[in-house]
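Contents: one structure, followed by commentary.
The values are calculated or read from the model by the stated rules, or taken from the named source; none is laboratory data. In this text, all values refer to a predicted model and were calculated from it rather than measured experimentally. Here the Cβ positions follow ideal geometry from the backbone for every residue, glycine too, while neighbour counts run over all protein chains shown. For accessibility, only protein heavy atoms count, side chains too; no ligands or nucleic acids. Shrake-Rupley method; radii C 1.70, N 1.55, O 1.52, S 1.80 Å.
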Amino acid sequence: MIVAANLKTNLTRKQTKEYIETLDDFIKTNHIDQESFVFPATSSLDSFDTDVTIGAQNAYPVQNGAFTGEIGVDHLDEFGLKTILIGHSERRHILGETQEVISQKFDYFKALGYTIVYCVGEPLEKREAGVSEMMEYIDSQYKGIDTSYEKLIIAYEPVWAIGTGLTPTNEDIIAIHRELKKKSPAPLLYGGSVKVNNAKEIMALKNVDGILVGSAALKVEDFCQMVMFAQELENK
């Protein structure tokens, strides 16, 4: 069971350090051994002394160079990072990353042996258009992606549920995860308005291997509770 926090453009460097120290202490105190990931804002990346896996929300597929506003592998190496989030809906729909750009990033970081949390998901209009069109849209997000990569984790996030408080029914989550499991043997996370009060129920669903949490993870106490839920499910 994998629990991941995407902190997005939130928490300062100081706040992030306190967040990770609190989470690490919670994990060690409660003898939790399942995987926990945190993706801080770029300016909050650092060399953290922790059992938590720290990843980058984004990086340019280059060692270094003239790419204003981006970071490259040199910056990730400085902090010993080997995990990255690729294909998040906000980078697709707000920042305009195309599938071609996303697949290039995937190939680059795959060649370097990174653990890749790869995001897929549909906007509301695709869901409302019916199952066939929705699945065709999601299928297109797998173009150019090595679904058998051994360090791949896939996160399914219905775009219309991210930060809206709206969530698919449990039956919807089960159905889409069943279909996506056919496309890759990688662990499959669910994301999209995951909160403390629904996290355990969602993680208990068939073919759900964990959760990717956004705004509901900003309070470290809430994220710690989700980590504990995951451990309880693992121990059953």
Being outside any helix (DSSP H, G or I), β-branched (V, I, T), within 16 Å of the chain's Cα centre (by Cα) and at pLDDT 95 or above: is that true of I202 here?
no
Where residues in region 67-82 are in a loop (DSSP other than H, G, I, E, B) and over 18 Å from Q104 (Cα atoms), which of them is least open to solvent (accessible area, probe 1.4 Å)?
L81
Scope region 83-98; condition touching a residue at least 12 places away in the same chain (Cβ under 8 Å) and surrounded by fewer than 16 Cβ atoms within 10 Å (Cβ to Cβ); matching residues:
H93
Filter pass, F39 being open to solvent by 30 Å² or more (accessible area, probe 1.4 Å) and not acidic (D, E):
no
Of the conditions (1) open to solvent by less than 10 Å² (accessible area, probe 1.4 Å); (2) part of a helix (DSSP H, G or I); (3) not hydrophobic (A, V, I, L, M, F, W, C), D172 clears all except one; give me its number.
(1)
Among the numbered conditions (1) without any contact (Cβ under 8 Å) to a residue 12 or more places away in the chain; (2) open to solvent by less than 80 Å² (accessible area, probe 1.4 Å), tell me where Q34 comes up short.
(1)
Could you list, in sequence order, all residues of region 46-66 that are open to solvent by less than 80 Å² (accessible area, probe 1.4 Å), free of Cβ contacts under 8 Å to residues at least 40 places away in the same chain, within 16 Å of D24 (Cβ to Cβ) and outside any strand (DSSP E or B)?
D46, S47, F48, T50, V52
Check on Y118, within 19 Å of the chain's Cα centre (by Cα), within 23 Å of L188 (Cβ to Cβ) and not in a loop (DSSP other than H, G, I, E, B)
yes
Just the residues that are open to solvent by less than 40 Å² (accessible area, probe 1.4 Å), under 30 Å from R13 (Cα atoms) and within 15 Å of the chain's Cα centre (by Cα), please, taken from region 205-236.
G210, I211, L212, V213, G214, A216, A217, F223, M226, V227
Inspect region 207-222 for any residue being farther than 22 Å from G55 by Cα and either modelled with pLDDT of 95 or more or part of a strand (DSSP E or B) (or both) and give the result as yes or no.
yes
Can you tell me which residue in region 128-160 is modelled with the highest pLDDT, limited to those that are open to solvent by 30 Å² or more (accessible area, probe 1.4 Å) and of a type in the set (V, I, T)?
T147
Criterion (under 15 Å from M226 (Cβ atoms), surrounded by fewer than 17 Cβ atoms within 10 Å (Cβ to Cβ) and at pLDDT 95 or above) met by exactly one of T29, T22
T22
When residues of region 1-39 are filtered for being under 19 Å from I86 (Cα atoms) and either among the polar types (S, T, N, Q) or in contact with an Asp or Glu (Cβ under 8 Å, 6 or more places away or on another chain) (or both), how many remain?
7
Looking at Y118, Y114, can you tell me which residue is under 21 Å from K182 (Cα atoms) and either open to solvent by less than 50 Å² (accessible area, probe 1.4 Å) or in contact with a Cys (Cβ under 8 Å, 6 or more places away or on another chain) (or both)?
Y118
